[in-house]
Amino acid sequence: QLQASGGGLVQAGGSLRLSCVASGGTLRGYSMGWFRQAPGKEREFVVGIRWPGSTTTLADSLKGRFSISRDMMKNTVYLQMNSLKPEDTAIYYCAIGSRIIYSMMGVPSSYDHWGQGTQVTVSS
């Protein structure tokens, strides 16, 4: 089970770090991704980190502001978000999947398990 946390209300320009814990299991063997969904919009890929290895891929529009990391000892993946903008407001979801090739990291259907989402609201 994936449990996402760390969302909240932040002013534009601020930062948040989201966490996603795999409770009762392990992240070993899984690629991990963060997606977001704003009201009335489709789910959008944010960033992913592949297994095996640590190759990351980030949505072009978010480069320089968002990053992903993981702590395998804590079975936790993090999403660091800096210089937040009102348009970053969305529900953020973490997901894991096995045997995801790099080119498919941004496709939601590549992932097998999803967390419940955490709301991020950025005020102007």
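The values are calculated or read from the model by the stated rules, or taken from the named source; none is laboratory data. The shown structure was predicted, so the numbers you read here are calculated from the model rather than taken from an experiment. Every residue, glycine as well, gets a Cβ built from its backbone with ideal geometry; the counts of neighbours run over all protein chains shown. Surface accessibility is based on the protein's heavy atoms, side chains included, excluding ligands, DNA and RNA. Shrake-Rupley method; radii C 1.70, N 1.55, O 1.52, S 1.80 Å.
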_Matching residues in the range 50-87 - criterion: being over 19 Å from Gly7 (Cα atoms), aliphatic (A, V, I, L, M) and in contact (Cβ under 8 Å) with a residue 24 or more places away in the chain_ = Ala59, Met72
*Evaluation of Pro52 against (1) farther than 19 Å from Ala12 by Cβ; (2) surrounded by fewer than 22 Cβ atoms within 10 Å (Cβ to Cβ); (3) in contact with a strand residue (DSSP E or B) (Cβ under 7 Å, 6 or more places away or on another chain) (one fails), failing number*: (3)
*Ile100: more than 17 Å from Ala4 (Cβ to Cβ) and touching a residue at least 60 places away in the same chain (Cβ under 8 Å), yes or no?*
yes
*Which number in (1) over 25 Å from Ile101 (Cα atoms); (2) touching an Asp or Glu at 6+ places or on another chain (Cβ under 7 Å); (3) not basic (Lys, Arg) marks the one condition that Gln11 misses?*
(2)
*Which residues, counting only those in the range 79-100, are over 13 Å from Gly29 (Cα atoms) and open to solvent by 30 Å² or more (accessible area, probe 1.4 Å)?*
Gln80, Asn82, Ser83, Lys85, Pro86, Glu87, Thr89, Ile91, Tyr93
_Cβ-Cβ under 7 Å pairs, at least 6 apart or on other chains, the range 27-48 side of a type in the set (Gly, Ala, Ser) and surrounded by fewer than 21 Cβ atoms within 10 Å (Cβ to Cβ), far side assigned to a strand (DSSP E or B) and modelled with pLDDT of 95 or more_ = Ala38/Ala90
*asked:* Looking at the range 50-72, can you tell me whether even one residue there is touching a Gly at 6+ places or on another chain (Cβ under 6 Å), at pLDDT 90 or above, small (Gly, Ala, Ser) and over 12 Å from Val120 (Cα atoms)?
replied: no
_Which residue is most open to solvent (accessible area, probe 1.4 Å), if the candidates are limited to the range 101-119 and must be part of a loop (DSSP other than H, G, I, E, B) and of a type in the set (Val, Ile, Thr)?_
Ile101
